[in-house]
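Engineer: Quick one: this structure, given as structure tokens, is what I'll be asking you about.
Every number here is computed from the coordinates shown, using simple stated rules; none is lab data. Fair warning: this is a prediction, and the values are worked out from it, not measured in the lab. Positions of Cβ are generated from backbone atoms using ideal geometry, with glycine treated the same way; all protein chains shown enter the neighbour counts.
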Amino acid sequence: MAEPAAVPHSTPLSRLSDAVNMATVAVCAALLAVMLSVSALGILLEAMHSLFLRAGWADAFGAGWLSIVYANTRPSFVRLFLPWLGMLSITVAFKQCEHIAIGALARSLPGPLFRFTRWVNFVAIALFAGALVWYGFDYAVGSTHLFIVSDDIQLSQRWTAAAVPVAGLILVIHLADGLRLLDERIDGDLVAGTGPRGDVDERNVPEAAE
Amino acid sequence: MSASLAFAVLLLIGLPLGLVLTAAGMVGAFALGGTDYLGIIADRFYFGVSGYVLIAVPYFIFTAEIMNRSGLTDRLIAFAGSLFGRIPGALSHVTVTTCVLFAGLTGAAVTETAAIGKTMIPAMKKEGYPASYAAAVIASSSIIGPIIPPSIIMIAYAATLRDISILGLFAAGILPGLMMGLAMLIVSGIISFRRRYARHDRVQFAVILATGSAALAAMGIPVVILGGILSGLTTVTEASVIAAIYALVLGVFAYRSVSGRDMWDSLVSTISFSGVVFLLLGASNVLGWYVTRSGIARHAAEWIAALSSDPTGQILAVVLLLLIIGMFIDVLPAIIIAVPVLSPALVELGFHPLHAGMVMLLALNLGNITPPLGLTLMTAARIAGVPYESAAREALPFMAAHLCVVLIAALYPPLTLYLPQILGVGQ
């Protein structure tokens, strides 16, 4: 998978979209690092726990700091991060044009028809983003489930379900990229690129994808 | 009907597949219950991306990313290179063997093609192999990656169905995966002999020992993953964590080849690739909701049963359908589209869920290299700098070999069910 596209942006909205994407990547990286660290610690403590049980030192995990750390590094804790990582990473994939699409037929259409299909696709993305915000907000507000990781960590599902409308909102911001959002990345190159005014950039179409 | 129409139109005009599936599911939901049902998009997307087992997806991607950047590939290639000596087409066989070894590290064919192809294709061209043949060998060998565990497509399959054991699927994939490797070696051997491809120096035990020990730590990852999971010591998620930590320790401390920048790049790539997978999983849940309520799966079962009353005819019909789907749609979305409909249908007709699952995965996986949309072959052709069509032509004998494995797996259930039965998983 490739690095973010080095596409020159000029409008304040597209700069905002870039900044939001950078922040999203940073948040996702932090989430992934925390998930990995907590999971590793959890596995280590699990192994220690079973060793201590066999050695007859079960009390070590009965109370004190070890018991607190053990209780709060269970997989159920890591799972709280997953909806955020999942939904936010979708927006990153969109922004970086990591789409899987069947574009060959549309690309073979005459110019005006091709541009029309791209606008239809753009409207579909906008509707998708809008639906995530609209229905996601209702869903998050209406969530009543409570996640109980331990005595110390108990979290309303509202906080995890909020990932849905937030991801929708980020996608709405990325709409500022216009039709560029629909470019497809194959092995690091953008395919079927269109400029901000909808001009087809033939230089971006690699030979193998023709 | 309205959902199918929306699906077809949006697919053909090039909308990202995740959104095509979502739109088809939403249109179907609207047809079933009007605007009241449109709210399922939030609920289904949330559950689609938050299943516990999905934690393993970013971890496995991260492991592969770190291993790609840590020089592991070169060590595996050196080891595989020491094994073939004076056999014609030694480097072709080295490529196949490296891909089989690499299959235990990564679960995605495109990742494997990029990792190995960037080293092996220039080396093969240097030894006089046609670039299109090099691309064909790399791509055709890389598709073993998603069949030998760990496998992202198997996790996606299990996450889509929710009532099938990932452990069982992992165990079921090992024998067909090894058989694919063997089939590749046979075809590569025949072609290399007929075309008199280059031989290497005689095999030397000392070289095998030296390169093998250099690659030993890297080859420990499949042992950690498979050994842990299949012995019941770890869950899939725990194994993915251990593999990621193992890869990090290896890259940062043992090989000292992974810098801070590499780690950041690995995280960014992991996030981006995970986003592609999570979009498809969320979308599959929206479509799956509609498929479940509309009774499409039952109709599909009736349709297959009407085609033939003989189980052999039924599963061959499904294989043919999946091969056609795989020609036009990438593997992961194809699984997400076809599995909720066809898998329950096959189980309803009396096929074992693991057998049905593996046959479906094997057939769809072949779509990675079949034109017109074989993304893995496309990637290999790009690396080799050859037209896609010429690489596809060279890949034909390898496609035929893989097709034989698919057919054997379809017609001979023990190939997929033997290991799960022995290990007592997924029954």
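Engineer: Within a 10 angstrom radius of the beta carbon, how do A:LYS95, B:LYS125, B:LYS118 rank from fewest other beta carbons to most?
Structural biologist: Going from least to most buried by this count: B:LYS118, B:LYS125, A:LYS95.
Engineer: I would also like to ask the following. Add -39500 (n - 2.57) for each DSSP H run of 4 or more in the protein assembly as shown, then divide by its residues: what number comes out at 222 nm, to the nearest 500 deg cm²/dmol?
Structural biologist: Helix contribution divided over all residues of the protein assembly as shown: -23000 deg cm²/dmol.
Engineer: In degrees, nearest 10, range 0 to 90: what is the angle between the Cα axis of helix B:17-33 and the longest Cα principal axis of chain B?
Structural biologist: With rounding to tens, the tilt is 20 degrees.
Engineer: Quick one: angle between helix B:353-365 and the longest Cα principal axis of chain B, in degrees between 0 and 90, rounded to 10, please.
Structural biologist: 70
Engineer: Toward the positive end of the charge dipole of segment B:148-284, about the Cα centre and with charges on Cβ (Lys, Arg +1; Asp, Glu -1), which of B:VAL203, B:GLY181, B:PHE193 goes farthest?
Structural biologist: B:PHE193
Engineer: Choose one answer from B:LEU38, B:LEU12, B:LEU362: the residue with the largest mean-square fluctuation in a GNM of chain B with alpha-carbon springs under 10 Å.
Structural biologist: B:LEU12
Engineer: Here is a further query. In debye, nearest 20: dipole of the protein assembly as shown around its Cα centre with unit charges on the Cβ of K, R (+) and D, E (-)? Present the calculation step by step, with values, prior to reporting the outcome.
Structural biologist: On the way: 32 positive and 35 negative charges, 215 e Å.
About 1040 debye.
Engineer: Return the long-range amide H neighbours of A:SER156 (sequence gap of 5 or more, or a different chain), with a cut-off of under 5 Å between placed amide H atoms.
Structural biologist: Sorted by chain and number, the residues that satisfy this are A:PHE147.
Engineer: With labels modelled as points extended 7 Å from the Cα through the Cβ direction, what inter-label distance (nm, one decimal) is found for A:SER10 paired with B:TRP303?
Structural biologist: 5.1
Engineer: Separate question: Given charges of +1 on the Cβ of Lys and Arg and -1 on the Cβ of Asp and Glu, with all other atoms neutral, how large is the dipole of segment A:27-125 about its Cα centre, in debye to the nearest 20?
Structural biologist: 480
Engineer: Using a ≥ b ≥ c from the Cα gyration tensor of chain B (square roots of the eigenvalues), is it rounded, prolate or oblate, where a/c under 1.5 gives rounded and otherwise the larger of a/b and b/c decides, a/b for prolate?
Structural biologist: prolate
Engineer: For segment B:274-427, what is the charge dipole size about the Cα centre, in debye to the nearest 20, if Lys and Arg each add +1 at the Cβ and Asp and Glu each add -1 at the Cβ?
Structural biologist: With Lys and Arg at +1 and Asp and Glu at -1, about 180 debye.
Engineer: Okay, moving on. Using Cα springs under 10 Å in a Gaussian network model of chain B, which residue among B:SER309, B:SER141, B:SER274 shows the largest mean-square fluctuation?
Structural biologist: It is B:SER309.
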